């Protein structure tokens, strides 16, 4: 016949019951919340309109300086403000709350 291997019983083996825990639990759990990001997300419905109005003001400024020597600076300012608006919009769209 076949040979049956006896397995140790639960609780009798010293490797299954460590003397101390593997890690010490912290006394006070630190909150893993990004408060600046959270406030930005909560204020986003208002900030979205503020940023859009800012980009609009920069475009009007660009049109004002269309035939002037300041056109390139105004164009650069529109590009930078619009890029910041798009970056903020993408960050808000992809924001995930941290797991507590």
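The values are calculated or read from the model by the stated rules, or taken from the named source; none is laboratory data. Quantities reported herein were computed from a predicted structural model and do not represent experimental measurements. Note: ideal-geometry Cβ built from the backbone for every residue, glycine included; neighbour counts use all protein chains shown.
Evaluating residue 82 against the criteria (1) within 16 Å of the chain's Cα centre (by Cα); (2) surrounded by 12 or more Cβ atoms within 10 Å (Cβ to Cβ); (3) modelled with pLDDT of 90 or more leaves one unmet condition, (1). For first residues located in segment 44-56 and within 20 Å of residue 95 (Cα to Cα), partners that are modelled with pLDDT under 95 and exposed (fewer than 12 other Cβ atoms within 10 Å of the Cβ) and lie 6+ apart or on another chain with Cβ distances below 6 Å do not occur.
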